[in-house]
Structures are given as structure tokens and as C-alpha cells.
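Worksheet for the structure shown next.
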Number of protein chains: 4
Amino acid sequence: MSMWKITKLMKVKPKSPILIEGLPGIGNVGKIAVDFLISELKAKKIYNIFSYTFPHSVFVNENNLVDLPKIELYYKKMPKNDLLLLAGDIQPVDEVSSYEFCEKILDIFQSYKGKEIITLGGIGLAEMPKKPRVFCTANNKEIINKYKKDTELNDKIYGVVGPIIGVTGLLLGLAEKRKIKAIALLAETLGHPLYLGIKGAREELKILNKKLNLKLNLTKLDKEIKEIESELIRRTRDISTVSKQLAFKKLSKRKETNYIG
Amino acid sequence: MSMWKITKLMKVKPKSPILIEGLPGIGNVGKIAVDFLISELKAKKIYNIFSYTFPHSVFVNENNLVDLPKIELYYKKMPKNDLLLLAGDIQPVDEVSSYEFCEKILDIFQSYKGKEIITLGGIGLAEMPKKPRVFCTANNKEIINKYKKDTELNDKIYGVVGPIIGVTGLLLGLAEKRKIKAIALLAETLGHPLYLGIKGAREELKILNKKLNLKLNLTKLDKEIKEIESELIRRTRDISTVSKQLAFKKLSKRKETNYIG
Amino acid sequence: MSMWKITKLMKVKPKSPILIEGLPGIGNVGKIAVDFLISELKAKKIYNIFSYTFPHSVFVNENNLVDLPKIELYYKKMPKNDLLLLAGDIQPVDEVSSYEFCEKILDIFQSYKGKEIITLGGIGLAEMPKKPRVFCTANNKEIINKYKKDTELNDKIYGVVGPIIGVTGLLLGLAEKRKIKAIALLAETLGHPLYLGIKGAREELKILNKKLNLKLNLTKLDKEIKEIESELIRRTRDISTVSKQLAFKKLSKRKETNYIG
Amino acid sequence: MSMWKITKLMKVKPKSPILIEGLPGIGNVGKIAVDFLISELKAKKIYNIFSYTFPHSVFVNENNLVDLPKIELYYKKMPKNDLLLLAGDIQPVDEVSSYEFCEKILDIFQSYKGKEIITLGGIGLAEMPKKPRVFCTANNKEIINKYKKDTELNDKIYGVVGPIIGVTGLLLGLAEKRKIKAIALLAETLGHPLYLGIKGAREELKILNKKLNLKLNLTKLDKEIKEIESELIRRTRDISTVSKQLAFKKLSKRKETNYIG
């Protein structure tokens, strides 16, 4: 479909890679974790993914220049299973493009003879937990047992969460149809739209660090998170301003909503 | 259309079958009734229906594993008219896919030389009635008379309900164009989004039991409903949590709605 | 496009016909007026128009049977210009299908060598006026002068209304591209969603009666309106019930909206 | 795509033209500025752009006649770089048509061997600033330096605004893919849906006047703005009425939203 612009930037031959997805979602838990992995592991960008179904807006970056919304796939060579890291600014907005996007990611994953998929997300709570628990669900019992072993991962998730919306959930469901094992790690976080789930991301990173032997410097991680934290507090303030802007823009475009409710 | 993935799982030769639809809707009355029928009658799954127009989310099942949203058609051999039972987790979301879905169901129904169609739904009231009445409407007077005979079915529905939204209504309207008789049974229920219309479903099941001679064990039915009830109370609690999650997810994806209203 | 099912029911040869549109809108002013015309003039149905882009619901009629939403074109032979009357339960919902619908109506209109188009609508006010004024706008000065002559039609509409949404406005704009003269008559009415603009419709009918020499029995019209009124009061009550139902249905289908706002 | 009707009205040969975009948006800052430029410079209309994806409504103009929503491209010969001015009543509503629209504008721009692009917009604040600042962002550092030189343009925009929604932002992002330099000037304004950002537009015009040597009569500009102001106050009043109308129309079409929230 011409709605999608998928650009391969580099030829790589990953060794039975594991795909880790972390797109924006509840508390941005998954995004924070995968963005940290990409920066710490110095992963290389191998794919640009862009679509006319993405939000019709641009972001201003630290250089005061604009970026179109984008999703990117990164690659990192590892001693055992190589890593594919899926990161981005946004998720596809509507139902059809969310399904289409996941199928395209699975196509790329299979072209690399991928081994398994880990999606990262958050569970929004009314209050911020002191120590967020990490729950998991999957399309297969084996992969749950593999990741639960020697970690605090909690697989009693039935009744704890409802539908898992967007790429974090769909990748699991659609992977099953292709007989690809996939697991979702979902960390507890405060379910407020402006809250950023750094603590939840840290818990997910601990599990990945152990199970995938990533050799992440966790002290550095904690320090790094402090910095991200202050940066995010600033960004949160911005987002709040933006939201107001967007609200007004929306209203001025569609004035009919103005008096409803 | 490639948006639809319809998979035939088994070859059957139903004897002038009656199709009973029970997808999610007001109070989930229809879903509760048809899910009960499928389990009690040990009906066999003959079709999987999936679409990219379905909600882009997955459900966590009792095994802590994920399921894509799906709609399924079941088959049950009966002494007289065989049964086709249409059940699922969701309804198609938008106008066009709702129409398309119904046309596809009618195609399958006609391929089996189906006899008539019964759709099941609810009428949302401000207060829960002690004994829910079951109203009916149809695309044909004869089928109303047939189902009203010897039952408490109330056909004075004009003025009681407004438009019937989704598959429960559309199947009747579109069936008429193909000269297929179709009736909707709509039971009163509490119109609160978290209320599950078990009592309404029971009233609908009583009518079906009598008219279709299903030999349902109604004592068992009552006991079963008790169990469903406590299960549903739990699920309701979950759904409430989920809703909160979803709300936040929605907000974090589309921040512009944040300040509206 | 296969989204549209347009069925010609009867072959007619209208004499330079005038098309009068009255679909649902503000106060249903246009719908009330055109439905009255069809019934009083005993106009004949010549076209059925149906689309998968229409709302995915059915209505229950006075016979307790269901009707799919539909739009119909009626024909009435007259001494001078014959009439084409466009009536229906609904308007196309989204932008693209609203434009497509109007183009299809204009195609039919031109196939009959139509003379001019009159669309009927309402202007929603915060308070119900004692005697509603009727304003007009058009795609051409001449047609305004024609209908203003010897009537109380007010053409100082600039600043009184904003954008005219839906078929009532689009038909004028798109007709201009085909060099077809078209005028909109917009009567003041109470802008409350449950209010039905019978008085506004009467003012529009008076103008049409005079200018098109329809020989409507205005005494009968007043009596008829009384009956419509009590019927509509009943229906209004129903609609209020329905709205509640629909709200719940919507919520149960899309639970994520549940906690927003 | 047949959704788009793009009509070339006149053959021109612009000399490495600069495109200035000013479509409706926050405070309508960009629209006010570009509409003023078109009128002051007596620019010639060279393109009509229309789409079925535009809002399905018409506007009533000063002659009490209707206009379909439209976007237009104007041309003005200048001593140095000629100007292309993009103005209109509306912006494309949804994601896909917003992207498609921008690509089509870039196609036209490149057919004229365009030099650079300036988009104009507003930044909505909670309070109206006495002297609105004008911020900029771009797809390239050079163009920022060019427009910042000898002006009060502020390029420290990171953290001041969030995503820039619609054509004002997308044109920059998509232009970058074609290696076209593009800058956005965003003036502070009151972020209320009914407020019209005339002061912000004036600040943007001052910068354009100086950098593009437009020889605008700024005294006249101030006087003109006074007139626009009183006109706009009137229109604002109208829009408020309209909004109410639209709200009711929306409610009467989609009654299910009526009871939500």
C-alpha cells in the first residue's frame, strides 16, 4: 500500500534475533526502556518506517528543527541472539493501520529469521506503586516459562489487565498466526496521561538485562534515569502546553464540538 | 476485500438451519445467551472470522495468554432445524465494516440454505426490572407470529426502542433484501455500561428453549448463571480497571482531547 | 462505487422539474416540510438510495417491523414544473460520502433535465421564536430574487448563520459547478436536539405553497401539524430513551471513552 | 486520486518563487497574514484546490451566496523572488488527506522550481501577550539563520511548543524529504477558539516585509487591521452562533453522544 514508506538503510545479517518493541503507550514505559537500550547498546538504525496514517504533525527536536513522526528499527550484534529494537514517536492511530503496521514488522522480522518477540508496555494504576511489578502475557506458555525463570516476572495477569491495545498487544496476536513466539512485559505505572513511567521501565530493563545478558550498567542506568527524569519533567510541562494548543486547534477546525458536553 | 480473513474450519451440511446471533451489545445480553447455548449444546466451531477493521487490541484469556478479537460461527445438529450460532468478543466498529460483516454472514447462511435468523440483544433501562420483558421486532410479520405463539414475547415494540444499532439490527434489514425471515429478541436490562444482563439473557433463552425445543436444563441454566454471575462480577471489576487504562492510553496517543470539555 | 445501492423504481418523464430536498438536520425542519409535501401531494417514489456509509442501524416502524435507513426520491406531476422530492431518515455521516451523495443526486437531477433546486433546513436559536423567520441563501442572485418576490423570505443571511453543513449546503455548492440554480430556505427554530421545528417547517411550506402554486390546504396543514406534533412529542420521548441506549451501546463497544471527560 | 480536484487557472512562470502558506489554524494567525498579503499585493489566483475530504459544508459570503470550502494558490511577481501564496477557508481534516494535500502542494511548488517555503501559524497561550513574540522552526539551520538575521525572530522554540499539527508543520517535514528548505513562523496568540490572532499576524508580516522587501504600507496595515478587527469581531459572534448550530446538528445526527460524559 502506498500509505506506507518503509526504507531499508543498511544490510545486516542478524543471528536469530530477538525483537524488542517499545512504542509510546501507557506511561511510555516501553518507549523509555527501548530508547535507553538503543542509546546504551549503541544500536544501529536499519529501517525507517513512515506512513500517511501517522498523526499529521511534526515534532520540534533539540536543534529547534522539525522531525516528521517516525518509527525506526535498530540492530545490535550480541554474543548470542542479536537484537532488533523497534522504537518511535507514535503508534499508528486507527485500527486498520495498526494491524497493517504489525504485519509489516512481522514480515521484516521473518526476513531476518527472527527467533522471538518481546513487547514492552505499562499497566496504568490509580496510584503510583513504590516498586512496580512486571506482569507478562504471551502467545505461548514456553516463552512465559523462559522469561519467568530466575526473575520476578508475574504471569498471573488474567484479571489484572483488560484488552491490550495497539502494537504491544497486536504483535503477540498476529505473531501467533505465523507460529512466532512472543511475550509482553507490562510494568505497573501511574495511569495519568502526563506521568512518565520511568520506574516501570527500569523494572523491565532489569529483567531484560538478566535474561538477555545485556551487561547494562545499572548504576549508570539509575543515573541516566535521573537525567531522563528531569528532561521528562520539562517535556511533560511542554506536553501540557501542547495539549492545550492541540485542543484549541482541534476546536478551531471542528467548531461543532465546541458546545457539546 | 483483504480486510477480512474468513476461515472455514470444517465441512458441514446443516439441515435448513436457524442462525442465532449473540455478539456484544447492550448489557451483553445476546452474547451471554449465545455463549451459554454454545457451551450447553456442545456446538462445533465451523468458521473463524477476523478483520483488520476489528478493534486493534488483544484479550488476555484464563491461561494468561493473548487472543486476537474474533467472531466465530458454531454448528449444532438438532432433530429438526440445525443451529448456526454466531458469537464473538466484539462487533465491527464502523458503519461500512458493520454492513460488510452482515453481508458476509448472510452469504454463509445462504450457502447452507438457512431457514431463518434470530438476533439477540438488550434494551437498556434506567433501572433494572425485576422480571425483564422480551420484546421482538422482525423483517416480516409471520416470523413474529411464529415466535410469539405460546410465549410471553411482546411485539408492541414501536415507541419502546429507537434505532437498533449494529449487527443485531442490520442482519434483519439486510436479510429482508434477500427474502430471508429474521427476528430480533430484545430483553430489558439495566443500561449501565458495566452491568451484564444475565437475567435478560435467561428470558431470551427460555423462549428459545421452548420454541426451538433445545432441551436446555433450566435448573442447570440457573446454577450456571450464578457462576457466570460471580465470574462476570470479577470481569466487570477488571473492565473498570481496563477502561481506565484505555482512557489513559487514548489520551496519551491523542493528547489533543485532553483539554476538551 | 459499490458502497452505494441506487435503485430506480419507476420510469418517469418529469417536465423541467424542481428538486426539493428535506433530509434530517437542525430541528428536522426540512424533513418535516418535505415529508408533509410527499404525503399531501401523494407523490410517487421513483428512487431508493442506500449506502454502506449510512448509520449501521435499523429503525422500528409503526408495524413493529424494521427498516434500514434509507433516502428516497419522489415524483409529483404538476401543472407547471413537476416536482422531485428528496426525503429520508438520515444523512450520509462522513465528509466523503456526503459529497458523493450530492453528486449522485445531481446526476439524477440532470438526467431529468431539472430546472432548479430548493433545499430546506433550520437555523438553531437559543430560544424558540414566536414567528420563525425564513432566511435564504443560494448559488445565484436570480433565484433569490425569484423566491423573495411577494414573500417574506429574508435574504440578509450573511452574519446570521455560519457554515451550512451537510446536504442542504453542499447541494448548492456542487450545483453551482454544474450551472444549476439552487436556493436554500432556512427557518428559525429552537436549537435543542430534541426539539422538532414544526413551526419553522410551516413557514417554509407557506413560501413553497405560494411560489410553486402547490394548492396545499393550509387549514389541513395546521391540523395535520397538530397531529404530527403529538406524534412527535411521543417520538421525542422515545428518542430520549434511545439516546440513552445508544450511549450505553457506544460505551460498551468502546470502553476506553468511559473515563474520559 | 479522484478525491482531489486541482484546477490550474493561469499559466505563469515564477522566478525562483518563495511559497508562503497561511491556512486556518491556532488563532487563524497564518490565515490573517496571508489573506492580507494577497489583498495588499494584488496577487493573482493561479490554482483552485478542492477535495471531497474537505468539511462537508458551505460558507455564506458577503453577497449572501454560498461558497464551497476551498484552498487557493496565488501568484505575485516581485523584483527578486516571486511569491506563491497558499490561502484557504479550511485545512484537510484527517491524517491521510493532510499528508496527501501537502505532497500535492510540493509537486506544484517543484513544477515552478520553487526556492523555499515559509509557513505561518500561531502558538496558543493562556493569556494574550502584549507584544506577541514570533518563534521559528525549520527543516534546515541555514534558513533559520537567514530569517533570524536583523529580525526579532526567536529560534529557541524547543520546549516552547509541542507537535505542530496540520499543513504548517507537515509542509516542513515533507519538504525536507525533497531537499526543499522550509521555515515556520509561529506567533504567540491567545489560545481561545474564538480569538483571532491579528496582533500575532502583524508581527509575522513585519518580519516578512523586512526580509522579503515586500514594501507593505505598515500604516495602512495597522489601519487595515483595525477594520479586519471589527469585521472579525462580528464574524466571531457569528461563529459562536454557528458553533451552537453545529453542535445541535451533530447531536441530532448522532444522538448517541448525547448522554456520554
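The values are calculated or read from the model by the stated rules, or taken from the named source; none is laboratory data. What you see is a predicted model, and the numbers here were worked out from it, not measured in a lab. Neighbour counts are summed over all protein chains in view; Cβ atoms, including those assigned to glycine, are modelled from backbone coordinates with ideal geometry.
Of all residues in the stretch C:206-225, which are at pLDDT 70 or above, surrounded by fewer than 13 Cβ atoms within 10 Å (Cβ to Cβ) and assigned to a helix (DSSP H, G or I)?
C:Thr219, C:Asp222, C:Lys223, listed by residue number.
From the set of residues in the stretch C:42-64 that are closer than 24 Å to C:Ala184 by Cα and surrounded by fewer than 18 Cβ atoms within 10 Å (Cβ to Cβ), which is nearest to the other protein chains (Cβ to nearest Cβ)?
Among them, the one singled out is C:Asn48.
Collect the residues in the stretch A:176-189 that are closer than 16 Å to A:Gln110 by Cβ and either within 21 Å of the chain's Cα centre (by Cα) or more than 9 Å from chain B (Cβ to nearest Cβ) (or both), keeping them in residue-number order.
Hits for the stretch A:176-189 are A:Glu176, A:Arg178, A:Lys179, A:Ile180, A:Lys181, A:Ala182.
Would a scan of the stretch A:10-19 turn up a residue that is within 30 Å of A:Pro163 (Cβ to Cβ), crowded, with 20+ Cβ neighbours inside 10 Å and more than 16 Å from the chain's Cα centre (by Cα)?
yes
Just checking, which of B:Leu65, B:Leu73, B:Leu9, B:Leu106 is among the hydrophobic types (A, V, I, L, M, F, W, C) and touching a residue at least 40 places away in the same chain (Cβ under 8 Å)?
It is B:Leu106.
Can you tell me which residue within the stretch D:118-128, out of those that are away from chain A (no Cβ under 12 Å) and under 16 Å from the mean Cα position of the chain (by Cα), is nearest to D:Lys199 (Cα to Cα)?
Residue satisfying both the conditions and the ranking: D:Leu120.
At pLDDT below 95, more than 14 Å from chain A (Cβ to nearest Cβ) and surrounded by 16 or more Cβ atoms within 10 Å (Cβ to Cβ): which single residue out of D:Lys76, D:Lys131, D:Lys115, D:Lys70 fits that description?
D:Lys70
Any residue in the stretch C:134-149 that is within 10 Å of chain D (Cβ to nearest Cβ), among the charged types (D, E, K, R) and outside any loop (DSSP other than H, G, I, E, B)?
Yes, the stretch C:134-149 contains at least one residue that is within 10 Å of chain D (Cβ to nearest Cβ), among the charged types (D, E, K, R) and outside any loop (DSSP other than H, G, I, E, B).
Is it the case that B:Asn81 is within 14 Å of chain A (Cβ to nearest Cβ), touching a Lys or Arg at 6+ places or on another chain (Cβ under 9 Å), among the polar types (S, T, N, Q) and surrounded by fewer than 21 Cβ atoms within 10 Å (Cβ to Cβ)?
no
Which of the numbered conditions does B:Ser97 fail, given that it passes all the others? Conditions: (1) within 14 Å of chain A (Cβ to nearest Cβ); (2) part of a loop (DSSP other than H, G, I, E, B).
Evaluating B:Ser97 over (1) within 14 Å of chain A (Cβ to nearest Cβ); (2) part of a loop (DSSP other than H, G, I, E, B) leaves (2) as the failure.
Could you pull out the residue among A:Gly173, A:Gly159 that is facing chain B (nearest Cβ under 9 Å), on the phi > 0 side of the Ramachandran plot and either touching a Phe, Trp or Tyr at 6+ places or on another chain (Cβ under 9 Å) or not charged (D, E, K, R) (or both)?
A:Gly159
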